[in-house]
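The values are calculated or read from the model by the stated rules, or taken from the named source; none is laboratory data. On a predicted model such as this, the values are computed, not experimentally measured, just so you know. Cβ: placed from backbone, ideal geometry, glycine included. Neighbour counts: every protein chain shown. Side chains are part of the model used for accessible areas, which takes the heavy atoms of the whole protein and leaves out ligands, DNA and RNA. Shrake-Rupley method; radii C 1.70, N 1.55, O 1.52, S 1.80 Å.
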Amino acid sequence: MEVPDLRQHATLKLPTLPKTLEAVISQEKFEKSRAYSLDKSHFYFVHEFVTILIDSAILFFGILPWFWKKSGTFLPLLGLIEENEILHTLSFLAGAMIWSQITDLPFSLYSTFVIEARHGFNKITPILLFLIIFSYVWQQTIWLFFKDLIKGICLAIVLGPPIVSAIIVIVQSGGPYLAIYLWAFMFVLSLVIAPLFNKFTPMRELRLKIERLAFSLKFPLKKLFVVNGSTRSSYSNIFVLSEG
């Protein structure tokens, strides 16, 4: 929760369409966009407030060092060495991931199936929700939400250990080029993981206009893809690859 967020929230409350946008967007679309952005902004502040409370309690009661010790004592039960830094870190992160999924799930559900649906971005209705839960109507809905969630957890279980191990090794031996090595590692990793969640196809429509805009702004645009995000939502369907 930062000053720019508060300034943006205050700006969203202004009901007047900026003059610079009068020739670009209608008043009706502006009102819809403003209402959606305000809802998201309100939700963001509530989410951040609850997160701050939880994090403050964790720090005040010393839960992190306590859990670090507990995660180490768990290793001998599996026949593993407690003093191994990589294994100890993996045990700690596994517990942290479980805690994060539990505490963040209500907010994710509310954002996806209340706010998004209220403004027509999430393709679900109360009737469809009933059909999804009690039948086999698999469209963007709770199924895709939990499918992504489960896929993310499985990826964390399968890919997490080697990735975390690699990061620890890079930190231990990276020396003065540590930041560069970590950036390169995470960049390559993102290119590998992203296709597991979405299908990327080269953009055709609007490609030239976007490229001209990027060139005018000196933005190092390299590739443009269309993402099948419409199966989950009605926006955010463009993937941009650049340098810098």
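Going highest first, how would you order 86-92, 52-58, 164-170 by mean Cβ packing within 10 Å?
The most tightly packed comes first, giving 86-92, 164-170, 52-58.
List, in order, the whole-Hz ³J(HN,Hα) value for each residue of segment 109-115 obtained from phi through the Karplus relation with A = 6.51, B = -1.76, C = 1.60 and θ = phi - 60°; use x for Gly and Pro.
Karplus-based 3J(HN,Hα) across segment 109-115 equals 5, 5, 4, 6, 9, 10, 5 Hz.
Could you report the accessible area of residue 203 in Å², rounded to 10, computed with a 1.4 Å probe on the protein chains as they sit in the structure?
The accessible area comes out at roughly 20 Å².
With the full set of protein chains in place, find how many percent of the accessible area of segment 11-93 is carbon and sulfur; take the probe as 1.4 Å.
On segment 11-93, the fraction of accessible area on carbon and sulfur atoms equals 70 percent.
Using 0.36 nm per residue of separation minus the Cα-Cα distance, give me the extension gain between residue 221 and residue 156 in nm, one decimal.
Residue separation times 0.36 nm, minus the Cα-Cα distance, leaves 20.4 nm.
In nm, to one decimal, how far is the modelled label at residue 177 from the one at residue 102, with both set 7 Å along Cα→Cβ?
Going by the 7 Å Cα→Cβ label model, 4.3 nm.
So between residue 211 and residue 38, what do we pick up on full extension, going 0.36 nm a residue minus the alpha carbon distance?
59.2 nm
Stretched out fully, how many nm does the piece from residue 63 to residue 11 gain, at 0.36 nm a residue minus the Cα gap?
So the extension gain works out to 14.9 nm.
Using per-residue counts of other Cβ atoms within 10 Å, averaged over each peptide, order 204-213, 30-39 from highest down.
30-39, 204-213
Report the FRET efficiency, 1/(1 + (r/R0)^6), for residue 27 and residue 198, where r is their Cβ-Cβ distance and R0 is 22 Å, rounded to 0.05.
That pair, residue 27 with residue 198, gives E of 0.05.
Please give the per residue accessible area of segment 1-71, computed with a probe of 1.4 Å over protein heavy atoms only, in Å².
77
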